[in-house]
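In what follows, a single structure is set out as structure tokens and then discussed.
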Amino acid sequence: MTGRELNKIRRIEDIFEAALQCFNEAGFSSTTMESIAAKANISKGGMYHYFSSKKDLFLNLFRYRMNKYFDEMKSYLDKDDSPEQRIRTLVKKAGQILKQNEDFYRFCIIFLSQGVRNKEIRTIMTDFYKDSVGTFKSLLEEGIEKGHFKKIDTEKAARAIYFLVMGVYFTYFSVDTDFDIIDQHSFHINNILKSIKI
């Protein structure tokens, strides 16, 4: 990779970081390209060199950070052989990553709220839902094939895990919580796995 390409990547990451702060502070509607440019220390014209609009930046910020999340999760999953352990690792690491990146997950609430009225965001979130459920389903199916889990409806069980994870996540960012998110994740998954283990 050339120095110019590296500079471009660094500049885009600076813009993403500035945008993340602005969206978290003011919400989508009240954030402007000017406010993001000022925080990123770049001209407004420079912003449009990288992103065609505030919405384009909003969508790309979500995709970029979510892809980093999935890459990080995959690196943890590749270390475990047992489907059961991979599910435990997935949930545990997801909680740890969330605590380390609370600013991004707070942004996700803003992103999701826009999906109620925005078809493009709804499509992105639908893909995220399908990918997440698909990952859990594959791990459950592998566990059944290897004789670790009872024969169950893996689609419904995968959805149940997804709903539990999302429920904890929404609660964590919308109320004054009285629980540790990693501990709560572990409690959920331990009880689900206990119920399906042979």
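The values are calculated or read from the model by the stated rules, or taken from the named source; none is laboratory data. The model shown is predicted, which means the values in this text are computed figures rather than measured ones. Methodologically, a virtual Cβ is constructed for each residue, glycine included, from the backbone with ideal geometry; neighbour enumeration extends over all protein chains shown. The accessibility values were calculated without ligands, DNA or RNA, using every heavy atom of the protein model including side chains. Shrake-Rupley method; radii C 1.70, N 1.55, O 1.52, S 1.80 Å.
Table for the structure above
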{"quantity": "Label-point gap, in nm, between Val116 and Lys197 - each point 7 angstrom along Cα→Cβ", "calculated": "4.1"}
{"quantity": "Radius of gyration and maximum dimension Dmax of segment 1-129, Cα, Å", "calculated": "16.5, 51"}
{"quantity": "Rough spin-label spacing in nm, given labels placed 7 Å along Cα→Cβ, for Arg11 and Asp78", "calculated": "3.1"}
{"quantity": "Helix-derived mean residue ellipticity, 222 nm - over the chain, DSSP H n ≥ 4, -39500 (n - 2.57), to 500", "calculated": "-27500 deg cm²/dmol"}
{"quantity": "Share of carbon and sulfur in the accessible heavy-atom surface of the chain [1.4 Å probe, %]", "calculated": "49"}
{"quantity": "Qualifying chymotrypsin sites (Phe, Trp or Tyr not before Pro) for segment 120-198 [loop in DSSP, other Cβ within 10 Å: at most 15]", "calculated": "Phe179"}
{"quantity": "Accessible area in square angstrom per residue, segment 6-120, 1.4 angstrom probe", "calculated": "53"}
